[in-house]
Amino acid sequence: MAALNFRHLLYFHAIAAADGLTRAAKRLNVSPSALSIQLQQLEHQLGHTLFERRGRRLVLTEAGRMVRERAAAIFAAGDELVASLKGAQPSARGAVRVGALATLSRNFQMQFLRPLLGRKDVEIVLRSGTLRELLQGLEAHRIDVLLANLAPPRDAATPWISRLIADQPVSLVGHPRHARKRRRLDDLLAHEPLVVPTAESSVRGDLDAFLARRDIRATFAAEVDDMAMLRLLAREDIGLAVVPPIVVRDELEAGTLVELRRLPDLKERFYAITLARKFPNPLLAALLK
């Protein structure tokens, strides 16, 4: 391939930063038509379309996202070269963008990110939201991987790749006073109020089926989709929480909550969801393995 034209790369980077030709042209003090020609020449040289037009907006393609990241690294390397010659310390860092359901256990997220935590050459960008919002972000290349406790439906129109990366047992967890008298699981479920996930959770569906099989009419003190609130309600002794122990690991270690009984055959499954990409973020390998 012919030598890369770095001016073309600089112009492309300016368009990506400005979200459009007109604003980038103003910043660079060139005409939009001249800038468009420079972009077309770069795309021809690379053999990939770097933007797609959506209404009046230019949106990066997957190849465009990868080129933007590499371009930023190239420009950062140039800055480092100058800084090194002046005796300054280098600062270039890679980035990985992780989306997680707003309701997902923070302890699990920390466990997933641990291979990259503390690395000085890596910046971790965390975003939370609904499954729909995050899937849109994944498709638009705003995030590299999505963490969820349920796998989204997959068909020809939704080509998500869902990797099961962990499953956790589910237990009844409650105030330490409940541990003073050892009681059978069915007795706890039938006579103690429960704090349970909402119906959208896979754990809740499994719990409802489990109760029906045992013909137990349980009382739900609260139904919550926020793990932080579930932990708080359990600590306040509002009811026994139906939860994977990893969610309340800190409270279990501190003794403010105790694990009373495991719920047989109930598990919460955790998925790392990606899209098949020609240019995957190389930092993902350390997380997904």
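For the range 201-264, the Kirkwood estimate of the hydrodynamic radius, built from every pair of different alpha carbons, is 12.7 Å. Residues whose amide H comes within less than 5 Å of that of G94, counting only those at least five positions distant or on another chain, are V122, E123 (H built at 1.01 Å from N in the peptide plane).
Taking 37 °C and 0.692 mPa s as the conditions, I'd like the Stokes-Einstein D for the range 2-69 in µm²/s, using the Kirkwood hydrodynamic radius from alpha carbon pairs. D = 278 µm²/s.
Placing R0 at 22 angstrom, the Cβ-Cβ distance between E52 and T158 gives a FRET efficiency of 0.70 after rounding to 0.05. The slack between A276 and D237, meaning 0.36 nm per residue of separation minus the straight C-alpha distance, is 9.5 nm.
Taking amide H as placed 1.01 Å from N in the peptide plane, A221 has its amide H under 5 Å from the amide H of L194, V195, each at least 5 places away in sequence or on another chain. Taking only the C-alpha atoms of the range 136-187, Rg followed by Dmax gives 19.5, 54 Å. Modelled spin labels at F6 and E253, positioned 7 Å past Cα toward Cβ, are 4.8 nm from each other.
The packing ranking of peptides 195-207, 115-127, highest mean first, is 195-207, 115-127, where packing means the average number of other beta carbon atoms within 10 angstrom of each residue. Note on R177/M110: beta-carbon distance plugged into 1/(1 + (r/R0)^6) with R0 of 25 Å gives a FRET efficiency of 0.25. Packing order of peptides 164-177, 52-65, highest average first: 164-177, 52-65 (average count of other Cβ atoms within 10 Å over each peptide's residues). With only the Cα atoms considered, the range 156-278 has a convex hull volume of 125 Å³ per residue. For F75, the solvent-accessible surface computed with a 1.4 Å probe is close to 60 Å², ligands and nucleic acids excluded. Using a 7 Å offset from Cα along Cα-Cβ at T61, what residues in the range 1-40 end up with backbone N under 12 Å from the label point? Within reach of a label on T61, which here means backbone N under 12 Å from a point 7 Å along Cα→Cβ, the range 1-40 contributes 40. From its DSSP helices (H runs of at least four residues, each -39,500 (n - 2.57)), the chain gives a residue-normalised ellipticity at 222 nm of -12000 deg cm²/dmol. Got a sec? Which residues in the range 255-274 would a label at A151 touch, if it sits 7 Å along Cα→Cβ and we count backbone N under 20 Å? Label zone hits: 265-274.
Between the amide H of I143 and those of L138, distances stay under 5 Å, these residues lying 5 or more places away or on another chain, with hydrogens modeled in the peptide plane. Label positions at A222 and A190, each projected 7 Å from the Cα along the C-beta direction, are separated by 2.7 nm.
Compactness of the chain was expressed as the Cα radius of gyration divided by 2.2 N^0.38 Å, which yields 1.32.
The values are calculated or read from the model by the stated rules, or taken from the named source; none is laboratory data. Quantities reported herein were computed from a predicted structural model and do not represent experimental measurements. In this analysis, Cβ positions are derived from the backbone assuming ideal geometry, glycine residues included, and neighbour counts consider all displayed protein chains. Side chains included, ligands, DNA and RNA excluded: accessible areas come from the protein's heavy atoms. Shrake-Rupley method; radii C 1.70, N 1.55, O 1.52, S 1.80 Å.
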